[in-house]
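Report on the following structure.
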Amino acid sequence: MKRRVWHWRGLAAAAALGASAVGALAGMGAIGMGTAALAQSSPSHAASTPRPTLSGCRTAQGSIHFDFEGASRSACHVEDDRTVSILITPEHQPPINPSPWYAFRYRTAEGGRLTVNLRYIGARHRYAPKWRGRGDPAALSVAVAADGSAATITLPPGEGVVSGQPLVTAAHYDRALKQLVTDGGGHRQVLGHSHDGRPVEAVRLGNADAPHLVVLLGRQHPPEVTGAMAMDAFSTAIARLVRSRGIDRTRFQFLIVPLLNPDGVARGHWRANLGGVDLNRDWGQFKQPETRAVGDWLAKLPAGVRPVLMLDFHSTRRNTVYVQGAEASAQGKAFLAAWLGGKEEAFAGYPFTIDPRDANPGTGTTKNWFNATYGIPAYTYEAGDESDPAAVRGAAEGLAQGLVPALELMLAEGLRP
Ligand SMILES: [Zn+2]
C-alpha cells in the first residue's frame, strides 16, 4: 500500500475551517501514517489523494456525524462498508496536552454493524469510550493498539453518541447555573464573552459586601469532565450551605464560574480556547477574553472584599489536589491541614493525593496567579479521568462541607500575634 502522509497544520486548519478545507489535508509532508493510513473510500480516488471528510461518513451499514455541540472536528474516512476511520487531531499544532477528545454520533442501517477505528495524531488513546443512545450498550467493545496509537470501537447497532467523556455542554451549564441561583439564593451574571461571543457566566452567592471571597473556576480544559462533575457537586453543596445559613453570607461570598472555555467545549477542543491559547497559562497576561473577564471582575472588587481562596477544577489521570509547596504562608498551611489533611482516604471510591508544587514563575497558571497576587491558597482540584462519577460527587460534597470551617481556622491564624 502506498504510504500516505498528513500535515499537522493542514489537519488543524481543515478542522477549524470545516469541510471546504479538506483539500488542505492531502499530500503534505510531516507525519507518516504508514500502512495504517486511511484507506481509499472508492476506486475513483484510488490513484490520487484520499479525501477524508469533516462532515461525516456514510456506508451501506451506517453513518457517522460530527454535527452537534461538543463533537470533535475529526476527519472521517470510509475504509469499507463496515469500517470507518476517524482521525483524532488537536485544534492546533503540538505541543499540546495529550487529551485526545473525540465525540461523534452514529446510526446503523437496519441489521447493519459499524466499526470505528480511532487514529490518533499527537497523542495516544486516553479516554475509554462513553456511549449514550438506543441499542444494547453491552454490544460496545473497544480494542486499543499496543502502542496506543489507535483504538477500534465496535458500535452497538442502532444509534448513539460516542465520546471520550460524557458530553457536558452549554445546556447543562444553563441548568446548573439556574439551580445554583435557586439553591443558594444567589444571582447570575455575565462576566464577559468568548471569541465566539458565548457568555462567560458566573453565579454569585453570599452578600456582595461579605469580606471573604472564594473563587471557584471550571472547564478551562474542555475534555476534563470529571473535574466538572466535582465542581458541580461542590458548588451545589456550597449553595445549600449558604441558603441554610451553614455558611455565614455576611462573612463569605462565592464567585462560581463553571465554564471558562465555552468555545473549546462547544468545538470539541483538546485544550485551548478559540484563540489557540491554553487559558490556564494566560493568568496575569489576560490576553484572552475568557480569563480577562474574570480578571476584570476581580480588579473591580470593593475595597473591603478580598479573595481568600481559589479552587480551579480539572481532570487528570488520578485524583489529586495541587497545592502550594514551601511557598505557602502560615495561613495557607493552616488551611491545607484543616481542609484536606488526613482526608485522602476519607471518601468511598475517591482516594486522592495532596501534591505540593511551588510556582514555576511566569507560567501564568490560575493557581500561581491567585497565590502570587493575593497570597492565598490557590489549588488545582484534579479528578481522575475514569473515577466513578458518584464517588467524584460524594468526595466533592464532603470537601465542600468542610471548606468554610477550614477557612475560619485560616483567618483566625492570620489574627494570631
Ligand atoms: Zn486541566
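For the reader, a short list of remarks on this structure follows.
- Here the range 306-417 is treated as a sphere whose radius is the Kirkwood value from Cα pairs; by Stokes-Einstein at 20 °C and 1.002 mPa s it diffuses with a coefficient of 149 µm²/s.
- Calculated [θ] (222 nm, deg cm²/dmol) that DSSP helices of n ≥ 4 give over the chain, each run adding -39,500 (n - 2.57): -8000 deg cm²/dmol
- When only Cα pairs below 8 angstrom with a gap of at least 6 residues are kept, the range 199-293 shows a relative contact order of 40 percent.
- Share antiparallel - DSSP beta bridges, the chain, percent rounded to 5: 60
- Other residues with beta-carbon under 13 Å from the beta-carbon of His193 carry, at +1 per Lys or Arg and -1 per Asp or Glu, a net charge of -3.
- Compared with the dominant Cα axis of the chain, that is its longest principal axis, helix 289-299 is turned about 0°.
- Kirkwood hydrodynamic radius of the range 71-123, from inverse mean 1/r over distinct Cα pairs, in Å: 12.2
- When each of Ser99, Ser55, Ser141, Ser235 is scored by the number of other beta-carbon atoms lying within 10 Å, the sequence from fewest to most is Ser141, Ser55, Ser99, Ser235.
- Over the chain: Rg over Rh, Cα atoms, Kirkwood Rh: 1.02
- Over the Cα atoms of the range 200-301, the radius of gyration divided by the Kirkwood radius equals 1.01; this is the Rg/Rh ratio.
- Ala390 paired with Ala299, simple spin-label distance in nm, labels 7 Å along Cα-to-beta-carbon: 4.7
- Taking the average, over residues, of other Cβ atoms within 10 Å as the packing measure, peptides 90-96, 287-293, 173-179 rank 287-293, 90-96, 173-179 from highest down.
- Over 15 Å [Cα-Cα, the range 300-340], rounded percent: 57
- DSSP bridge orientation in the range 170-415 - percent antiparallel, rounded to nearest 5: 35
- Of Phe104, Phe370, Phe286, Phe335, the sequence from fewest to most neighbouring Cβ atoms within 10 angstrom is Phe286, Phe370, Phe104, Phe335.
- Efficiency of FRET from Cβ geometry, Asp196 and Ala145, R₀ 35 Å, rounded to 0.05: 0.50
- Note on the range 122-222: the C-alpha convex hull projects to 10.2 nm² when averaged across all orientations.
- Length-normalised contact order for the chain - Cα pairs under 8 Å, 6+ apart - percent: 13
- For the range 337-417, relative contact order (Cα pairs under 8 Å, six or more residues apart, normalised by length) works out to 37 percent.
- Calculated P(r) tail over 29 Å for the range 170-415, as whole % of Cα pairs: 21
- Counting neighbouring beta carbons within 10 Å and listing from fewest to most, the residues Phe347, Phe254 come out as Phe347, Phe254.
- Given charges at Cβ of Lys, Arg, Asp, Glu: the chain dipole, positive-most of Phe252, Phe352, Leu140: Leu140
- Total charge dipole magnitude, the chain, about the Cα centre, Cβ charges on Lys, Arg, Asp, Glu only, Debye to nearest 20: 520
Taken together, the values in this text are just the output of simple stated rules run on the coordinates, not laboratory data. Source: prediction; values computed, not measured. Don't worry about glycine lacking a Cβ; one is built from the backbone with ideal geometry, like all the others, and counts go over all protein chains shown.
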